[in-house]
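Notes to accompany the following structure.
The values are calculated or read from the model by the stated rules, or taken from the named source; none is laboratory data. For clarity, every value in this text was computed on a predicted model and none was experimentally measured. With ideal geometry, Cβ positions are generated from the backbone for all residues, glycine too; neighbour counts draw on all protein chains shown.
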Amino acid sequence: MSATTIDAKPAVRWRRDADLTPRTSFRVPARAAWLAEVASAAALPATLADPRIAEGALLVVGGGSNLLFAAPFEGVALAMTGDSISIVSDDADAVLVRAEAGRGWHDFVLHTLALGLSGLENLSLIPGTVGAAPIQNIGAYGVELDRRVHAVEAWDRDAGGLVRLAAADCGFAYRDSRFKREPGRWIVTAVEFALTRSPRLELGYAGIGAELAAMGIDAPTPKQVSEAVCRIRRAKLPDPAVLGNAGSFFKNPIVPVAQADALLAEHPGLPCFDAGVPGSRKLSAAWLIDAAGWKGHRDGDAGVAPGHALVLVNHGGANGAELLALARRIAGSVQARFGVALEPEPRIVGASW
Ligand code: EPU
């Protein structure tokens, strides 16, 4: 008898009238006409040629931690499910690590730390997948993803092929990238990260130093920085497994320096940061929303987290339209009170902002 190899994972799994609620961290009702789970980039050409995608709308989904379904999606939701991790090159100090898009982000961060690599520790515990991370250029505690990305591998639907974009070609900006600005064009399949064995820790962001001190640590390792970040996040941000949410619902607004100065003169407590854009400042959306009185507010099951004004939460039975209506009321009140326009961070399906 000769042995045969059984491929346990089909290249593509199609599901009709798919319930995406368990795949979205807001846990609101979310459906797509089809869900295509694609195991690897090699399966994309045949999948994309399928009439269900070739003739309809496509929504690429990752961990669902940055999506708000305001209505069912009538097209195909596509999820890349490959989750392998490999070392691309290792010159003793600088190490290039590649992860496929379907890998859970925090699990990947822990994997790199277990390999003794530094660079992603400040980005610990961010929900979502590796493939979604470059789309909105995730960032936290003083580190933005683009500083650690070496290259992004993606299917280019315009050119009809797989490409490898160097970080400089990804158009990264604050919570933004060309992948986000060119919706429908890109399907991220893998990301390569430039990490190091000699850590240059980023401990400047408010709260990290105090948390490490509370842990009794004065010369931290990358793993300990990761632990400190996890502790701060768990204390401040609701756990999506317990209370549906998508992290920060609004981006911190970037305004002209003159407007920031005028607001600061009136409200000296308003946190104001370097925007990385000349002539502009980044303001704290959380502070503006908090000052407008929204923290802990509830409209039925749609609410604002009691612990952080920037996080909208689903107390159980809210739908996407109700959360969107609350978000619009919040933005309207911040606009009226401070003259600042807020923009949502998550992608809204079935409605426009
Ligand atoms: N603040 C308030 N009220 C609140 C919460 C915060 O006034 O309810 C003020 C405080 O003065 C605080 C300041 O806002 O010092 C900033 O708060 P925080 O450190 O929590 O940061 P953030 O600007 O609200 C950003 C990211 C988070 C990231 C944290 C930490 C955005 C939109 N959000 O939040 O990212 O974890 O910094 O680096 O850039 C996410 O994008 O989903 C996310 C959670």
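Observations, loosely collected:
- Of the numbered criteria (1) out of contact with any His (no Cβ under 8 Å at 6 or more places or on another chain); (2) within 15 Å of residue 28 (Cβ to Cβ); (3) touching a residue at least 24 places away in the same chain (Cβ under 8 Å); (4) among the small types (Gly, Ala, Ser), the one residue 339 fails is (2).
- Reported count of residues in region 64-92, each being surrounded by 16 or more Cβ atoms within 10 Å (Cβ to Cβ) and more than 18 Å from residue 16 (Cα to Cα), is 9.
- Of all residues in region 194-235 being acidic (Asp, Glu) and within 13 Å of the ligand (Cβ to nearest atom), the one that is surrounded by the fewest Cβ atoms within 10 Å (Cβ to Cβ): 202
- Options 187, 138: the member that is touching a strand residue (DSSP E or B) at 6+ places or on another chain (Cβ under 9 Å) and more than 13 Å from the ligand (Cβ to nearest atom): 187
- Residue in region 329-353 that is surrounded by the fewest Cβ atoms within 10 Å (Cβ to Cβ), counting only those that are of a type in the set (A, V, I, L, M) and within 17 Å of residue 59 (Cα to Cα): 351
- For residue 248, the conditions (1) touching a His at 6+ places or on another chain (Cβ under 6 Å); (2) within 16 Å of the ligand (Cβ to nearest atom) all hold with the exception of (1).
- Some residue of region 53-70 being in contact (Cβ under 8 Å) with a residue 40 or more places away in the chain, on the phi > 0 side of the Ramachandran plot and within 16 Å of the ligand (Cβ to nearest atom): yes
- Residue 122 vs. criteria of a type outside the set (Val, Ile, Thr), within 14 Å of the ligand (Cβ to nearest atom) and in a helix (DSSP H, G or I): yes
- Residue selected from region 278-303 under the condition within 11 Å of the ligand (Cβ to nearest atom) and free of Cβ contacts under 8 Å to residues at least 24 places away in the same chain, by the criterion surrounded by the fewest Cβ atoms within 10 Å (Cβ to Cβ): 296
- Restricting the first member to region 119-146 and to residues that are in the same structural domain as residue 190 (by TED's automatic domain parsing), and the second to residues that are near the ligand (Cβ under 9 Å from one of its atoms) and aromatic (Phe, Trp, Tyr), the beta-carbon pairs closer than 6 Å and six or more apart or on different chains are 122/141; 141/205; 142/205.
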